[in-house]
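Heads up, the thing below is written out as structure tokens.
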């Protein structure tokens, strides 16, 4: 009898351990939302924070309710203003960069703001039609990557009044304050039927003088992988050859350029040149232009480990509920000095043995996202969406940057990795040479 009880107890313990292991494995493969953990963009500053928990006035990041209102209109009503890309001052310490029509849950206007974090003035969206005006109050949602800076980003939402829903998309919205300030903003919109490609890449503000040769390699390698369009936020005057290349890719309809100039009195008081605000402008501006969006920097590449293109990888990994794919980050060290006889990206052959999920970059179904983090998906538009943490044997984020000790023990062991050279070098060299010839470079 005693032996039977001992055997039963052992079996019970084994079952509990197996269940725990199974739950742990599942949670590391598929998850709904991952929190921002670390900021690689600022190597001297590491911040661990969950905004929803640390700030009780900010709504938690559970998924929104699911509605279905899909406008088939291809035009807007009302008079449209001349287009510009600037931060429009609404009040002291409060700016709006862009306004978007969003009917994924119900007909709404989304506004992307840059403002002092503690300033939440009462704002109203006013819609004017046939000499009548209709008013709707805005709700605030703080972006998750403001990192306790004085200024940061919000997503403001105001409902389009029911009386106007039959008209479809307004061309403009007037933003008013209790103090009587009024600013009219163009409303950006696009439809699923207008999609021009499968993959687009959002590149946050370029604030350093990036070499034009490296930029060409970035564009051409990502085009081989499947990218159709690159959305680039540029901040300043660049060297002559880089400007020439940007104009070339713009003429070829490969690059779309979005001017990005922060208000001078704020530029040093917002996180990393307003990176999170630019990410959300890109998300909402182009979510219906391509099926998938990727958010990454110029020294990062999402590389399928076994297959050749992103589309092949998604055919293997995708299902109806996975709306985001996040790739573990591996750092690459330069093995050989860069010369004009080879490609810059092919000089990086020493990869860290270990990667880190904390510094992932993600590929998302663009119309399924409400809020993006820098290294994670913060909030979906539907509560049925899932994130897949892609296994390193299927795909990895290649980060061509020196690995520093602050990233933990991942920096101390390296292994040779020639995937890039073996799979893509021939086509890359061919494409880069064609761009050089088209622009008169030697």
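Some values worked out for this structure:
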{"read-out": "Residues satisfying the stated conditions in region 287-305, i.e. closer than 21 Å to residue 157 by Cα and either surrounded by fewer than 19 Cβ atoms within 10 Å (Cβ to Cβ) or more than 11 Å from the chain's Cα centre (by Cα) (or both)", "value": "288"}
{"read-out": "Failed item, numbered, when residue 190 is tested on (1) under 30 Å from residue 129 (Cα atoms); (2) out of contact with any strand residue (DSSP E or B) (no Cβ under 7 Å at 6 or more places or on another chain); (3) buried (at least 21 other Cβ atoms within 10 Å of the Cβ)", "value": "(3)"}
{"read-out": "All strands (runs of 3 or more DSSP E) inside region 95-180 with 1 or more residues being more than 25 Å from residue 381 (Cβ to Cβ)", "value": "108-116, 123-129, 132-137, 151-159, 172-177"}
{"read-out": "Elements of type strands (runs of 3 or more DSSP E) in region 231-321, at least 1 residues being in contact with a strand residue (DSSP E or B) (Cβ under 7 Å, 6 or more places away or on another chain) and farther than 30 Å from residue 402 by Cα", "value": "290-295"}
{"read-out": "Residue check, residue 411 farther than 16 Å from residue 217 by Cα and within 25 Å of the chain's Cα centre (by Cα)", "value": "no"}
{"read-out": "Selection status of residue 355, crowded, with 23+ Cβ neighbours inside 10 Å and more than 28 Å from residue 259 (Cβ to Cβ)", "value": "no"}
{"read-out": "Qualifying residue in region 319-329 (condition: surrounded by 15 or more Cβ atoms within 10 Å (Cβ to Cβ), in contact with a helix residue (DSSP H, G or I) (Cβ under 6 Å, 6 or more places away or on another chain) and touching a residue at least 12 places away in the same chain (Cβ under 8 Å))", "value": "yes"}
{"read-out": "Yes/no for residue 127 being in contact (Cβ under 8 Å) with a residue 24 or more places away in the chain and farther than 20 Å from residue 279 by Cβ", "value": "yes"}
{"read-out": "Inter-residue pairs, beta-carbon under 7 Å, first loosely packed, with under 13 Cβ neighbours inside 10 Å and in region 240-261, second in a loop (DSSP other than H, G, I, E, B), 6+ apart", "value": "259/85"}
{"read-out": "Given (1) in contact with a strand residue (DSSP E or B) (Cβ under 7 Å, 6 or more places away or on another chain); (2) part of a loop (DSSP other than H, G, I, E, B); (3) at pLDDT below 95; (4) surrounded by fewer than 16 Cβ atoms within 10 Å (Cβ to Cβ), number of the condition residue 415 does not satisfy", "value": "(2)"}
{"read-out": "Residue that is farthest from residue 158 (Cα to Cα) [pool: residues in region 129-144 that are surrounded by fewer than 14 Cβ atoms within 10 Å (Cβ to Cβ) and under 35 Å from the mean Cα position of the chain (by Cα)]", "value": "135"}
{"read-out": "Filter pass, residue 174 being surrounded by fewer than 18 Cβ atoms within 10 Å (Cβ to Cβ), closer than 25 Å to residue 77 by Cβ and free of Cβ contacts under 8 Å to residues at least 40 places away in the same chain", "value": "no"}
{"read-out": "Among (1) under 19 Å from the mean Cα position of the chain (by Cα); (2) within 17 Å of residue 298 (Cα to Cα), the one test that residue 238 misses", "value": "(1)"}
{"read-out": "Every pair of residues 6+ apart whose Cβ atoms lie under 8 Å, when the first sits in region 75-99 and is on the phi < 0 side of the Ramachandran plot and without any contact (Cβ under 8 Å) to a residue 60 or more places away in the chain while the second is crowded, with 16+ Cβ neighbours inside 10 Å and not in a strand (DSSP E or B)", "value": "94/121"}
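Each row is one residue, and each column tells you yes or no for (1) touching a strand residue (DSSP E or B) at 6+ places or on another chain (Cβ under 8 Å); (2) buried (at least 17 other Cβ atoms within 10 Å of the Cβ); (3) at pLDDT 95 or above; (4) in a helix (DSSP H, G or I).
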position: 392; (1), (2), (3), (4): yes, no, yes, no
position: 410; (1), (2), (3), (4): yes, yes, no, yes
position: 422; (1), (2), (3), (4): no, no, no, yes
position: 429; (1), (2), (3), (4): no, no, no, yes
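The values are calculated or read from the model by the stated rules, or taken from the named source; none is laboratory data. All of these numbers come straight from a predicted model, not from anything done at the bench. Positions of Cβ are generated from backbone atoms using ideal geometry, with glycine treated the same way; all protein chains shown enter the neighbour counts.
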